[in-house]
Amino acid sequence: MSLKDKIVVIMGASSGIGAATASLLASQGAKVSIAARRLDRLEEIKEINPDAEIKAFAADVTNAGEVQKVIDQTVSAFGRVDVLFNNAGIMPVNNLDQIARDEWQNMLDINVKGVLNGIAAALPVMKNQKSGHIITTSSVLGYEVLPGYAAYSGTKYAVRAIMEGLRQEEHKNNIKTTIIAPGSVKTELFDSINNDEIRNNLKESMKQPGSEMMALQPDEIAQAVAFVIDTPANMAVNEMVIRPTGQE
Ligand code: NDP
């Protein structure tokens with residue numbers, strides 16, 4: 001099976017990497033369920049892909065029931081789930097001494113519990129089908145830690161660990177797992193930084209001459225996602241780290 005007629009669910013599809021992946025997969029004939037909190041942005045993705053088979057769902061990944069509904073409604077509409085792409089995430093950068101308890105909680109809920117909610121909803125369906133593919137967006141910060149990014153890094157290390165455990169438990173059931181670990185990508189992710197100074201400095205740095213060498217575009221990550229989905233049945237790309245060439 002190629003991308004054509006693959007049934008793909010993307011959590012966190014309203015902007016950036018998730019939105020680009022939805023458009024790319026749909027343009028190649030996949031049937032795509034897209035989910036996020038901003039339904040208006042999901043509807044825009046449907047509008048720019050008028051010929052594609054896309055279903056949009058308002059869902060918060062921290063809510064297990066809402067995530068389950070996305071999977072259930074995808075099965076009702078399309079008959080199965082071939083791929084779940086756990087992509088929702090936020091990155092509220094701050095040093096640990098800012099004791100940003102609410103930020104930590106929110107980030108753990110979205111970046112970690114959200115992934116577990118996706119796995120919990122899709123895994124029984126995939127086991128029943130005796131095939132499936134779960135892809136989760138980690139980060140290069142799931143492999144290294146930088147000052148200011150400790151809590152975010154913690155969430156991205158966590159999802160790498162969860163996905164490796166999933167691989168060990170489910171490879172024998174014909175379920176593929178992939179971690180996508182991007183470096184810097186030009187998206188709205190900086191908007192989730194609550195600290196005004198850090199957010200503005202990072203946004204300014206993205207506008208500097210030469211910064212295009214330092215950040216990838218979302219559709220470049222989408223191409224990587226399409227590649228890992230479109231592999232032969234006996235081949236699973238378990239991890240893919242993708243940095244802009246100019247990134248340290
Ligand atoms: P965006 O901010 O553009 O996209 C984030 C997506 O996550 C949006 O669709 C957002 O939708 C969704 N999301 C956030 N919270 C929730 C929630 N509670 N429930 C459902 N969806 C949610 O940024 P990116 O495209 O960059 O981020 C995608 C992933 O890539 C994240 O996991 C991020 O950590 C990771 N990443 C990004 C990098 C980068 O440089 N941009 C580098 C490495 C990893 P909505 O707000 O509508 O709910």
With Cα coordinates, the longest principal axis of the chain makes an angle with the long axis of helix 114-129, in degrees rounded to 10, of 20
The set of residues whose placed amide H lies less than 5 Å from the amide H of residue 132, leaving out same-chain residues fewer than 5 positions away, is 176
Each label sits 7 Å from Cα toward the beta-carbon; between residue 27 and residue 231 the label points are separated, in nm, by 2.4
When the charge dipole of the stretch 7-242 is computed with +1 on Lys and Arg Cβ and -1 on Asp and Glu Cβ about the Cα centre, the Cα farthest towards its positive end, among 201, 171, 12, belongs to 171
With 0.36 nm assigned to each residue of separation and the Cα-Cα distance removed, residue 37 to residue 172 gains 45.2 nm
One finds the C-alpha centres of the stretch 181-214 and the stretch 75-91 to be spaced, in Å, by 27
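Per DSSP H run of at least 4 residues, take -39500 (n - 2.57); add these up for the chain, divide by its residues and hand me the 222 nm value, nearest 500 deg cm²/dmol. Write down the numbers at each step before the final one.
Working: 8 runs with 103 residues, N = 248.
So the calculated ellipticity at 222 nm is -13000 deg cm²/dmol.
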When the chain is treated as a Gaussian network with springs between alpha carbons less than 10 Å apart, the largest mean-square fluctuation among 60, 72, 102 is found at 102
Largest fluctuation, 183, 132, 148 only, Gaussian network model of the chain with Cα springs under 10 angstrom, belongs to 148
In a Gaussian network model of the chain with springs linking alpha carbons closer than 10 Å, the residue among 84, 202, 42 that fluctuates most is 202
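With an 8 Å Cα cut-off and a minimum separation of 6 or more residues, compute the relative contact order for the stretch 46-120 in percent.
Values: 53 pairs, mean separation 29.1, N = 75.
It comes to 39 percent, rounded to a whole number.
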Computed on Cα atoms, Rg of the chain relative to 2.2 N^0.38 Å comes out at 0.96
Applied in sequence order to the stretch 228-242, the curve 6.51 cos²θ - 1.76 cosθ + 1.60 (Karplus, θ = phi - 60°) yields integer Hz couplings, x standing for Gly and Pro, of 5, 6, 8, 9, x, 4, 8, 10, 10, 8, 7, 9, 9, 9, 10
Rounded to the nearest whole number, the Stokes-Einstein translational diffusion coefficient of the stretch 1-145 at 37 °C and 0.692 mPa s (Kirkwood radius, C-alpha pairs) in µm²/s is 211
Percent relative contact order for the stretch 7-242, counting Cα pairs under 8 Å at least six residues apart, stands at 21
Simple spin-label estimate for residue 73/residue 128, 7 Å along Cα→Cβ, in nm, reads 1.8
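Values quoted throughout were computed directly from the atomic coordinates according to the rules given, and no laboratory measurement underlies them. The structure presented is a predicted model; accordingly, all values stated were derived computationally and were not measured. Quick reminder, even Gly has a Cβ in these numbers, built from the backbone with ideal geometry, and neighbours come from all protein chains shown.
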